[in-house]
């Protein structure tokens, strides 16, 4: 009996500011702390 595949889990939305930092290729320790301390994360 075939089993149904589980639906793919929704990934958390990444804030635009964080994407911009990755785009610059720079993540300071302060930025990482801010991102990890963000609500919902």
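The values are calculated or read from the model by the stated rules, or taken from the named source; none is laboratory data. Since the structure is predicted, the reported quantities are computational estimates derived from the model, not experimental observations. With ideal geometry, Cβ positions are generated from the backbone for all residues, glycine too; neighbour counts draw on all protein chains shown.
For the condition under 11 Å from the mean Cα position of the chain (by Cα) and either surrounded by 10 or more Cβ atoms within 10 Å (Cβ to Cβ) or at pLDDT below 70 (or both), what is the one hit in 41, 23? Outline the logic, then answer.
Working: 23 fails: under 11 Å from the mean Cα position of the chain (by Cα).
Exactly one residue qualifies, and that residue is 41.
Consider only pairs whose beta carbons are under 6 Å apart and that are at least six residues apart or on different chains; among these, list those whose first residue lies in region 1-20 and is loosely packed, with under 10 Cβ neighbours inside 10 Å and whose second residue is at pLDDT 70 or above and outside any loop (DSSP other than H, G, I, E, B).
none
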